[in-house]
1. All but one of (1) within 19 Å of the chain's Cα centre (by Cα); (2) farther than 26 Å from SER68 by Cβ; (3) at pLDDT 95 or above hold for ALA114, so report the exception by its number.
2. Within the bounds of segment 104-111, is there any residue that is without any contact (Cβ under 8 Å) to a residue 60 or more places away in the chain and outside any helix (DSSP H, G or I)?
3. Can you go through ARG62, ARG93, ARG109 and tell me which one is in the same structural domain as ASP174 (by TED's automatic domain parsing) and out of contact with any Gly (no Cβ under 7 Å at 6 or more places or on another chain)?
4. Hey, does segment 174-192 have a residue that's on the phi > 0 side of the Ramachandran plot, in contact with a helix residue (DSSP H, G or I) (Cβ under 8 Å, 6 or more places away or on another chain), at pLDDT 95 or above and not charged (D, E, K, R)?
5. Here is a check on your reading of the model: is ARG186 among the charged types (D, E, K, R) and touching a residue at least 12 places away in the same chain (Cβ under 8 Å)?
6. Of ASP47, ASP74, which residue is under 28 Å from VAL163 (Cα atoms) and in contact with a Cys (Cβ under 9 Å, 6 or more places away or on another chain)?
7. Name every residue in segment 65-87 that is assigned to a loop (DSSP other than H, G, I, E, B), over 26 Å from LYS17 (Cβ atoms) and either at pLDDT 95 or above or not assigned by TED's automatic domain parsing to the domain that holds VAL156 (or both), in order of residue number.
8. So which of LEU196, LEU124 ends up being touching a helix residue (DSSP H, G or I) at 6+ places or on another chain (Cβ under 7 Å) and under 26 Å from ARG93 (Cβ atoms)?
Amino acid sequence: MSEIIIVRHGQAQTGAKDEASYDKLSDLGHQQAAWLGQYWAGFRPFDLVLSGTMQRQIETGRSLGLASVTYAEDSRLNEMDYFGLAEFLKKHRSLAAPANQEEFQTHVRDVLGAWSRAEVCDNLESYSDFCTRILDCVREVAESSERTVIISSTGVIATLMAVALDLDMVRKTDVFLKIAHTSVHRFEVVGEEIRLIQFCATPHLDMPDRLALRTHI
């Protein structure tokens, strides 16, 4: 049995219209990560901070400010190409871009649903390949003797939740929309089985003066 600890990156550039513009932490995103690192300072230290290769993931790992750790990157922890999927569906299925948060929730359901049904073009990563690379990486981490914290993104965490709890795409989308920035999630890997221990913990943001600084988008 091995424990997997995975954190969603801090708030990125809310309102961005493409991946390049989105992929950088906001000032609040850096602060959210720093607060989490401070919270962890009195606990058992980590040996390794393993992030995807996306800028927002790397910046979150560094902003934790953890002492005496090694930093590494693995592209298998990268997020899905949400902007690419949305652009394809806008062009070929007339799926309009969301104008507000309520529309965004519907948009996520439509995009993830179409992707899972293989209704997107071949030059975008398939849903099956996305799930496979995540699980392959997590199982490798589980086999390591290093105490590792993974920094990744919403789609990656929601996928692990779906595997652990056998969620259909509707329920997986509900989970996707509830994962807060710098929230902590814990899983156990037992053989081929993945079990959920903790979902969306934000102890570093739960005090009264920080409640309004918990973000999802």
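The values are calculated or read from the model by the stated rules, or taken from the named source; none is laboratory data. Worth saying up front: this structure is predicted, and the values here are computed from it rather than measured. Cβ sites come from the backbone with ideal geometry, for glycine too, and all protein chains shown count toward neighbours.
1. (1)
2. Residues of segment 104-111 that are without any contact (Cβ under 8 Å) to a residue 60 or more places away in the chain, as a first pass: 106-107, 110-111.
Within this subset, residues satisfying the condition of being outside any helix (DSSP H, G or I) are none.
Checked segment 104-111: no residue is without any contact (Cβ under 8 Å) to a residue 60 or more places away in the chain and outside any helix (DSSP H, G or I).
3. Values: ARG93 fails: in the same structural domain as ASP174 (by TED's automatic domain parsing); ARG109 fails: in the same structural domain as ASP174 (by TED's automatic domain parsing).
The unique qualifying residue is ARG62.
4. Taking segment 174-192 as the starting set, the residues that turn out to be on the phi > 0 side of the Ramachandran plot are 182, 191.
Now narrow it down to the ones that are in contact with a helix residue (DSSP H, G or I) (Cβ under 8 Å, 6 or more places away or on another chain): 182.
Still in the list and also at pLDDT 95 or above: 182.
Subset that is not charged (D, E, K, R): 182.
Yes, that holds for at least one residue.
5. On the way: among the charged types (D, E, K, R): yes; touching a residue at least 12 places away in the same chain (Cβ under 8 Å): yes.
So ARG186 passes the test.
6. Values: ASP47 fails: in contact with a Cys (Cβ under 9 Å, 6 or more places away or on another chain).
None of the other options fit; the residue is ASP74.
7. Step one: of segment 65-87, the residues assigned to a loop (DSSP other than H, G, I, E, B) are 65-69, 74, 78-81.
After this cut, where a residue has to be over 26 Å from LYS17 (Cβ atoms) as well, the list is 65-69, 74.
Residues satisfying the conditions are GLY65, LEU66, VAL69, ASP74.
8. Working: LEU196 fails: under 26 Å from ARG93 (Cβ atoms).
The unique qualifying residue is LEU124.
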